[in-house]
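The values are calculated or read from the model by the stated rules, or taken from the named source; none is laboratory data. Because the structure is predicted, anything quoted here is derived from the model rather than measured. Backbone-built Cβ (ideal geometry, glycine too); neighbour counts: all protein chains shown. Side chains are part of the model used for accessible areas, which takes the heavy atoms of the whole protein and leaves out ligands, DNA and RNA. Shrake-Rupley method; radii C 1.70, N 1.55, O 1.52, S 1.80 Å.
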Amino acid sequence: MPKSALITGITGQDGSYLAELLLSKGYEVHGTLRNTATSSRNHITHIADQIQLHECDLTSSQSVHNLIEQVRPAELYNLAAQSSVGSSWNAAAKTGDVTALGVARILEAIAQIDASTRFFQAGSSEIFGQSAEMPQRETTPLNPTNPYGIAKVYGHLLTSSFRQSRELFACSGILFNHESPRRGLQFVTRKITSTAARIKLGLETELRLGNLDARRDWGFAGDYVEAMWQMLQQETPEDYVLGTGVSVRVGDFVDLAFAELGLDPSDHVVVDPQFYRPVDSQIALADPSKAKRQLGWAPKTDLQQLVAMMVRHDLELARRQAA
C-alpha cells in the first residue's frame, strides 16, 4: 500500500514541485485548495489525474481537523501561507491567521488524530530579519522585521514546541529565497524575468524596482522540495536551514536576466522608492552546512541556470500572450 502525503498549498510553486517529487516516489498524494471552485490549478494541471484535491480552510480548526481525519496522511507538508512579505504589511491580521495560526491548527489536529503523522513546516529566512550574524544558521537569533516574518517565527517555534512537548515528528525547513518559473508575479525575481521578456518583445519599455543593493540567497525551488522530503525520512526530527550559501544583489539578478536576453538594464531599469520595503532585511545568507552534513543535501542548480530557466519560460509566455 503506498504511503500517503498531504500537501497544503499544493497549487503553489513549492507544492507543485513537491507533488511531482512524491508521485515519482510512489506516494498517494493529497493536496488542499482554499476554494475548489476558484483556486488556480495551473501548476498541477499535468498531474491532476494523479492527485486527490480537497477544499480546506486553514483559518478553521474544524476544517483542518476534518481533512486530516479523512486523509490520515503518513506525512503532512504545510506549504500554505500568505507568502508575500510586501502584502503582509497590508494584511497583517490575515497573515497571522493563516501563516501562524494555521500551523497551530494543523499540529493540534495531528496530535489529536494520529501522532505518528510526520509534519514539515515551511519556514522562512525572514525569521532572521536584520540579523547581526552572517551567515544565518539554525542557531541564529530570531529578529523578524515584517508581519510575514513574525508569523513564520510563531510557526517555527510552535513546531519545535510540539516536537519537544508532544513528541511529534515535526520539523521546520528554514527556507531561504527559492525561485522558479512557477514563482508568483508579485515576487521580485519573477517580476524581473517577466518584465525583461516583455521588454525584449517590445511589449513594455521599463522595469521599476526598489532597492537594487538588497542581497538575497537565491536557489531553485525544485531542489528545495527534495530537502523537505529528506527531512521527513530521518530517524529523528530536526530543523534545517536550506539555502545556497551565496548572497547576490537584486541588481546582479537583474543583470543576469537582461544579459540572457541581450539587453542593457541601464536602458530600462528605474529605481522607484515606492517599491522599497518599510523595513528591509538587507543581507540574507544561508549556512546550509547542517543539511549537507546530515541530509546529504545541496542545491543542484546555480543562479545563472535558474535565471536562464525563468527567462526562457517568461519569453515563451510573453510570445503566447502577444500572439
Point to revise | Value of relative contact order over the stretch 64-130, rounded to a whole percent, pairs C-alpha under 8 Å and six or more apart | key: 51
Point to revise | Sparse-neighbour loop sites [GluC sites (Glu not before Pro); the stretch 224-323; at most 10 other C-beta within 10 Å; DSSP] | key: 235
Study note, to complete from the structure: The number of Lys pairs in the chain whose alpha carbons lie under 25 Å apart, excluding pairs fewer than 8 residues apart on one chain, is 13
**Study point:** Listed residue (73, 161, 276) projecting farthest to the positive dipole end of the chain, Cβ model
**Key:** 73
**Study point:** Beta bridges by DSSP in the stretch 178-323, antiparallel share as percent, to the nearest 5
**Key:** 25
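What size of dipole, in debye to the nearest 20, comes out for the chain about its Cα centre when the only charges are +1 on Lys and Arg C-beta atoms and -1 on Asp and Glu C-beta atoms? Before the final figure, lay out the partial values.
On the way: 30 positive and 36 negative charges, 49 e Å.
For this selection, approximately 240 debye.
So for the chain: antiparallel DSSP bridges make up what percent, rounded to the nearest 5?
Working: 2 of 35 bridges.
Among the beta bridges of the chain, antiparallel pairing accounts for roughly 5 percent.
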Exercise for review: Return one number: the angle in degrees, 0 to 90 and rounded to the nearest 10, between the long axis of the Cα atoms of helix 250-260 and the longest principal axis of the Cα atoms of the chain.
Suggested key: 70
Check your understanding: Taking N as the number of residues in the chain, what value does Rg over Cα atoms divided by 2.2 N^0.38 Å take?
Key -> 0.98
Review point. Helix 101-113 versus the longest principal axis of the chain: what angle, 0 to 90°, nearest 10, using Cα atoms?
Key: 30
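Compare 217, 252, 49 by solvent-accessible area with a 1.4 Å probe and give them largest first, with all protein chains kept in place.
Values: 217 0, 252 55, 49 135 Å².
Accessible-area ranking of 217, 252, 49, largest first: 49, 252, 217.
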**Study point:** Virtual paramagnetic centre 7 Å along Cα→Cβ of residue 161, amide N under 18 Å, in the stretch 65-107
**Key:** 96-107
Practice item. Mind pulling the angle between the C-alpha long axis of helix 221-231 and the longest principal axis of the chain? Nearest 10 degrees, somewhere in 0 to 90. Key: 20
Exercise for review: Before anything else, pin down the relative contact order of the stretch 11-107: Cα pairs under 8 Å, at least 6 apart, normalised by residue count, whole percent.
Suggested key: 25
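Given Cα pairs under 8 Å that are at least 6 residues apart, what percent is the relative contact order of the chain?
Numbers: 623 pairs, mean separation 55.0, N = 323.
It rounds to 17 percent for the chain.
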